[in-house]
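First comes the structure, then the notes that go with it.
The values are calculated or read from the model by the stated rules, or taken from the named source; none is laboratory data. As the structure is a computational prediction, the values presented were derived from the model and not from experiment. Note that each Cβ is placed from the backbone with ideal geometry, even for glycine, and that neighbours are counted across all protein chains shown.
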């Protein structure tokens, strides 16, 4: 099962209530927050409803590992380390854990106290256009493999 990275691009001013509720359900309460979800129809429906606020695409294993390593936080805003992963799971390192998450063998929530949201910087050199869809040279909606470029600019 493929993993999708979802990034919130726009704020919540003048949003319809159903879109706001969808954002709450996804856990994306602020701009530049990112979550990793499975590519299943229920999530895809939520993404389609909020397509004017989000961008998403298939995340690569290397990018997922960097995201978890650099931006993964535990409760209390503590950094995620190889030692913590080794002590709490059967995996020997963060790299092994990220590979297993990408392959769908284990969920991110298998790590206790890991926050589901990754807080990112705004992208280096900025967004292109936050009011236009990706296919029209903007930043919103589905972008496929190109989400990896955006995430690397934001880490």
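Points worth noting:
- Residues of region 1-28 that turn out to be in a helix (DSSP H, G or I) and within 20 Å of residue 133 (Cβ to Cβ), as a count: 5
- Matching residues, region 29-45, being part of a loop (DSSP other than H, G, I, E, B) and out of contact with any helix residue (DSSP H, G or I) (no Cβ under 9 Å at 6 or more places or on another chain): 30, 31, 39, 40
- Among the conditions (1) in contact with a strand residue (DSSP E or B) (Cβ under 8 Å, 6 or more places away or on another chain); (2) under 19 Å from residue 106 (Cα atoms); (3) surrounded by fewer than 20 Cβ atoms within 10 Å (Cβ to Cβ), the only one that residue 67 does not satisfy is (3).
- Residue that is touching a strand residue (DSSP E or B) at 6+ places or on another chain (Cβ under 8 Å) and either surrounded by 16 or more Cβ atoms within 10 Å (Cβ to Cβ) or outside the structural domain of residue 10 (by TED's automatic domain parsing) (or both), where the choices are 26, 94: 26
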